[in-house]
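The values are calculated or read from the model by the stated rules, or taken from the named source; none is laboratory data. Everything numeric here is computed off the predicted structure, so don't read it as measured data. Neighbour counts run over all protein chains shown; Cβ positions are idealised from the backbone, glycine included. Surface accessibility is based on the protein's heavy atoms, side chains included, excluding ligands, DNA and RNA. Shrake-Rupley method; radii C 1.70, N 1.55, O 1.52, S 1.80 Å.
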Amino acid sequence: MPHALGFDSSTQSLSAVLLDLDTLRITHELSLPFGELTDYASPRGFLENLSDGQVHADPRLWVAALDVLVQRMKDAGWPLSGVTAISGSGQQHGSVYLKEGFAARLATLDPARPLGPQLEGIYSRATSPIWMDGTTSAECAEIAATLGGAEVVCARSGSVAVERFTGPQIRAFYKRDPQGYADTARIHLVSSFLCSLLIGADAPIDTGDGAGMNLMNLAAEDWDAGLLAATAPDLAAKLPPVSPASKPCGTVSAWLVQRFGFDPSCIVLPFSGDNPSSLVGMGAATPGRVVVSLGTSDTLFAAMTEPRTDPEGCGHVFGNPLGGYMTLACIRNGSLAREAFRDQLGADWSAFEAAGDADLPETATTIPFVADEITPKRPGGLSEADTSLATPQRVRAFLEGQAFNLLRQLEWMHLKPTELCLTGGASKNNGIARVFADVFGVPVSRLSVSNSAALGAAMRAAIAAGAPTEDLVKSLCASDSTIQPTDRGTPARYGNWLLALRAGA
Ligand code: XUL
């Protein structure tokens, strides 16, 4: 029975999902929380209490986790010899720094021994900066200045220079530890590093995760000589090539074959970032379905055919693993703001349920930024036009403000969705889902995919093995329930506010 396997190395765990290629169903799922690997002092997947607010992880943890998880899969009877294709995803932006000889080391691994000890001494930097590190503002400014402005970096790479992105992190390493940088022969992303471990050779960086580095030219889908030069010297030689995520980059290594019983002809596709992979896992890799994840922050992502970038410099554009591009907009005032507003009203979530059917006067607008906002860049401060309204109405105005701020992202993306797919904790609230349906003017569906990044990786592997994309989406990404829009989300209510935001007011 042929199977396709997907991994996801997230901030806090390594997960695997196995698909049966005959039924197109998930047959096995397993997750290893990094906190279980107690040798690495990383209960939440990263090193706590580093100096100066740096957030780094121990790359040896990711290596050990792969060995342990695959062993557990084997012990649990997963049909590993029937796996015909593998792919994976990793937390975006994190980077691994390796000395000369990394690929040679991978090519000569002893299947009788675990992976970790066989890679001792290969790291030119003991720790890996991850996406939560925000210590590179100076480097972002330097890169933008060299290129001629933030908007130039955005137009070329898909995002303005961002602290957590890999290019500014590489520049910070070069400045803080020039010798360590000089000793580095290869820089991998978390995704391409793990893929390298699977194929036993240097894996490429895919266009999805590559676009999260401020180093790749979005339109050319290759390294950008100007961005590289503005970041650090001799960088081109230290990076693996860029590849489309759909082009197989090798077969499983002899180490995996002999240690765990994989078939030597099993192909491996480049790993991608967790967000690009989730786009696939949510069935949104073809234009039409826009996904909004309502979590601590609210995130909107969608497939896009052209490499358009955000003129305000807030949104990001990455490669779409199934071809073309994808957008990602992150709103900081998500669930934390919803909770703060709920508490301010002395209400509970039933007021949010009731907000779905509340009617509002035309003048009832709320700017829903409790904390400083990054999309758009505005200081925090909740502003309600009418506090005399009933609680469900005030909640509705607040939720409409949140939904309109996401809706306006679709302008620079040039997207006209036919369906909005909501996910994340707050999406379960029917009132919240109703407001989003009304404001976007399209049906809202809710997906209960639990590990969309690992599932997306498994789906990419399945597609490479011949499974039709539409059949996979139908089988794995069907919505649980659909809410039709009413005409309550009148755009007139927020027209002026949107215009003011657009003018940068
Ligand atoms: C995206 C980002 C995070 C990481 C970790 O830009 O920083 O979503 O990918 O999940």
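Assorted remarks:
- Percent antiparallel among DSSP beta bridges (both partners in the stretch 3-270, rounded to 5): 70
- Solvent exposure of the stretch 3-146 amounts to 38 Å² per residue of accessible area, where only protein heavy atoms count and the probe is 1.4 Å.
- Largest accessible area first, the residues Arg25, Arg259, Arg338 order themselves as Arg25, Arg259, Arg338 under a 1.4 Å probe with ligands, DNA and RNA left out.
- Those lysines that a straight Cα-Cα span of less than 30 Å connects to Lys74, excepting residues fewer than 8 apart in one chain: Lys247, Lys474
- Ordering Cys330, Pro485, Ser159 by the projection of their Cα atoms onto the charge dipole of the chain, which places +1 on the Cβ of Lys and Arg and -1 on the Cβ of Asp and Glu, puts Ser159 at the extreme positive end.
- With each label modelled as a point 7 angstrom along the Cα→C-beta vector, the Ala138-Met1 pair spans 5.8 nm.
- Reachable lysines, given that their alpha-carbon falls under 19 Å from the alpha-carbon of Lys416 and they are not under 8 places away in the same chain: none
- Restricted to Cα atoms, the chain shows a radius of gyration and a Dmax of 22.9, 72 angstrom.
- Computed over the stretch 254-379, Kirkwood Rh from alpha-carbon pairs, angstrom: 17.9
- A P(r) calculated from all alpha carbon pairs of the stretch 180-273, with 5 Å bins opening at zero, reads 3, 15, 22, 21, 17, 11, 6, 4, 1, 0 percent.
- Across Glu411, Glu470, the residue with the most accessible area heads the list, and the full order at a 1.4 Å probe is Glu470, Glu411.
- For the chain, relative contact order (Cα pairs under 8 Å, six or more residues apart, normalised by length) works out to 16 percent.
- Degrees, to the nearest 10: 452-464 long Cα axis against longest axis of the chain: 60
- One chain, two ends: Thr38 and Gln118. Fully extended at 0.36 nm per residue, the span grows by 26.9 nm beyond their Cα-Cα distance.
- The alpha-carbon atoms of the stretch 3-270 define a convex hull whose volume equals 118 cubic angstrom per residue.
- Solvent-accessible surface (1.4 Å probe) assigned to Tyr123 amounts to roughly 30 Å².
- Once the chain from Glu411 to Ala229 is taken as fully extended at 0.36 nm per residue, the excess over their C-alpha distance is 62.3 nm.
- For the stretch 124-198 and the stretch 327-357, distance of Cα centres in Å: 35
- Heavy-atom accessible surface of the chain: percent carbon and sulfur, 1.4 Å: 51
- For the chain, size of Cβ-based charge dipole, Lys and Arg +1, Asp and Glu -1, in debye: 260
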